[in-house]
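Undergrad: Mind looking over this structure? Questions follow.
The values are calculated or read from the model by the stated rules, or taken from the named source; none is laboratory data. None of these values were measured; they are calculated from a predicted model. Glycine gets a Cβ as well: all are built from the backbone with ideal geometry, and neighbour counts include every protein chain shown. Heads up: the accessible areas ignore ligands, DNA and RNA and are worked out on the full protein's heavy atoms, side chains in. Shrake-Rupley method; radii C 1.70, N 1.55, O 1.52, S 1.80 Å.
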Amino acid sequence: MGCATLNLVGAASLPKINSYTHIVRSQKPFLSFVQPFRSRHLNGVSSTPLTCHAYKSRPSISLCARTSTAASEEERVSVLVVGGGGREHALCYALKRSPTCDAIFCAPGNVGISNSGVATCISDLDIFDSSAVISFCHKWGVGLVVVGPEAPLVAGLVNDLLKAGIHAFGPSSEAAALEGSKNFMKTLCDKYGIPTAKYRTFTDPSAAKEYIQEQGVPIVVKADGLAAGKGVIVAMTLDEALEAVDSMLVNDVFGSAGCRVVIEEYLEGEEVSFFALVDGENAIPLESAQDHKRVGDGDTGPNTGGMGAYSPAPILTKELQDLVMKSIILPTVKGMSAEGCKFVGVLYAGLMIEKKSGLPKLIEYNVRFGDPECQVLMVRLESDLARVLLAACRGQLSEVSLKWSAGSAMVVVMASKGYPGPYEKGSVIANLDEAENVAPSVVVFHAGTALDSDGNLIAVGGRVLGVTAKGGDLKEARERAYQGVEEINWPGGFYRRDIGWRALALLKNNFVMSG
């Protein structure tokens, strides 16, 4: 699918598009911008007001005839988790411990979810066919759907579930534009004063290149739409930046996702992940977490979807978390509501803690649980996850407080050799039971696994396993996670050996300074 799927009006003359329609699976527009009464200039770019064609408010849905709108101690629910990766395995793991759950289904799920017994996998349910998902929910009495991946969110699965009277945790397709369009997110930041990197948006490659030459390098070039995590180029040289523009706007490498590019200033500092549950008006933070994006030890090599993570993240102090909520998360929630586009679900903010100022800036939003951060968060969560997610769906998060286990958790990702580039599929993996039994609290979450004709567990993805462990502190969690990793027999895989090194160094420095 190439650029023909985008309707760009006024693109030839304006760096900021006056009208933008993104056609998704249903061929319905999910966001648009309208001609402003006046132009505003923030972050060095002409900004246009937002118009978000979404439900003004989510419909009030009764779970079933025997329950009231307010959550009660007797209320129980069957849950469908949509997706089939490590994030969904972790969500099913947490829901399995939820006293509120009667039954847990996962579509399509994966071998690890099925074999561990945390959910019933429905491998043949098409998660992009809303009518099929709704029919399944009605047939099996599903009262809550938790949507994991971004693609079905952007395609409008939640919209259709709400119309059918089914609680769905996740944003509408309109609200999912926070992830589906980086320009949409940047425009919202402009309008509501949310700190982010200076930027400009382009559809014309010549204009984009001219801007890059004016700004200099390093600089960041981003595809506007969803590009499977590969649409961000941190260009350290001018040639890299110009090549990135050509790959997106000329060579159509990312299809419709790259028909428009956002060019940002390079921010120097430390990246962290911040998660908040949102019910449309209220937001509550989850525990802090931080992942390792680079494929190699010492945070070297190309970016990946994440090679490991830990929680809590020492760099996110209580003061810094409060500042993030005040300056970034809550203005986003209020702004989306003011635009008639209430956000319900998880706001996953990728932040840069700037080296010079020590203050957070928003790099990007994801509109679902991050992976692998979700894995360390779910093993630490002690609250009833199903009840919390229902509260978010009903606009009742102001009545919720979350409980977390003490200590730390860490996940080490095992990936197929060659990842994030081309990798071989079909290599056999053994000794997973031994890995989970090597130390207390070790859990292996599956992301890219399957069974071959002989019943062997094989690798079929890039990131394949997430070996997760809890400990009294980060050092103990790390030791246990790597003990689990070392038990696994997988010649076709690899992993980083230094997950958590920055956090451990920070904790050591803080200890020395306090001593």
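Undergrad: When the solvent-accessible surface of protein heavy atoms is calculated with a 1.4 angstrom probe, in what order do TYR495, TYR348, TYR266 fall, highest first?
TA: Solvent-accessible surface, decreasing: TYR266, TYR495, TYR348.
Undergrad: Which length gain, in nm to one decimal place, applies between ALA338 and ASP252 when the Cα-Cα distance is subtracted from 0.36 nm times their residue separation?
TA: 27.5 nm
Undergrad: In the stretch 91-204, what is the volume of the convex hull around the alpha carbon atoms, normalised per residue and reported in Å³?
TA: Values: hull volume 19.1 nm³, N = 114.
Output value, Cα hull per residue: 167 Å³.
Undergrad: How far, in nm, would the chain grow between TRP404 and MET236 when pulled straight, counting 0.36 nm per residue and subtracting the alpha carbon separation?
TA: So the extension gain works out to 56.5 nm.
Undergrad: While we're here: Once the whole set of protein chains is in place, how much accessible area is left on GLU476, using a 1.4 Å probe, in Å² to the nearest 10?
TA: Using a 1.4 Å probe on the heavy atoms, I get roughly 60 Å².
Undergrad: Right, something else. So which of LYS186/LYS334; LYS182/LYS355; LYS222/LYS356; LYS191/LYS326; LYS139/LYS334 end up more than 26 Å apart by C-alpha?
TA: Flagged as over cut-off: LYS139/LYS334.
Undergrad: Around SER416, with a cut-off of 13 angstrom between Cβ atoms, what is the net charge of the other residues, counting Lys and Arg +1 and Asp and Glu -1? It would help to have the intermediate numbers written out before the result.
TA: Working: positive: LYS417, LYS425, ARG463; negative: GLU424.
Charge balance near SER416 sits at +2.
Undergrad: Quick check: residue separation of GLU281 and ARG294 times 0.36 nm, minus the Cα distance between them. What number comes out in nm?
TA: 1.2 nm
Undergrad: Oh, and also: Tell me, what is the FRET efficiency for TYR266 and LYS425 to the nearest 0.05, using R0 = 56 angstrom and their Cβ-Cβ distance as r?
TA: Efficiency at R0 = 56 Å is approximately 0.95.
Undergrad: Rounded to the nearest 0.05, what FRET efficiency is calculated for GLN396 and GLU210 with R0 set to 45 Å and r the Cβ-Cβ distance? Provide the component values of the computation, followed by the final result.
TA: Numbers: r = 51 Å, r/R0 = 1.13.
Efficiency, rounded to the nearest 0.05: 0.35.
Undergrad: Have a look at the stretch 419-507 and give its Rg and Dmax from the Cα atoms, expressed in angstrom.
TA: 14.1, 48
Undergrad: How much net charge surrounds PRO218 when only other residues with a Cβ under 12 Å from its Cβ are counted (Lys, Arg +1; Asp, Glu -1)?
TA: -4
Undergrad: Let me ask another. If DNA, RNA and ligands are ignored and the probe is 1.4 Å, what is the ranking of PHE254, PHE202 by accessible area, most exposed first?
TA: Output order, biggest surface exposure first: PHE254, PHE202.
Undergrad: Would you kindly find the accessible area of HIS138, with a 1.4 Å probe and non-protein molecules such as ligands, DNA and RNA excluded, rounding to the nearest 10 Å²?
TA: Rounded to the nearest 10, that gives 120 Å².
Undergrad: If LYS508, LYS356, LYS342 are ordered by their accessible area, calculated over protein heavy atoms with a 1.4 Å probe, which sequence runs from highest to lowest?
TA: LYS356, LYS508, LYS342
Undergrad: Taking a point 7 angstrom from the Cα of ALA505 along the C-beta vector, which residues in the stretch 300-317 have backbone N less than 12 Å away?
TA: 300
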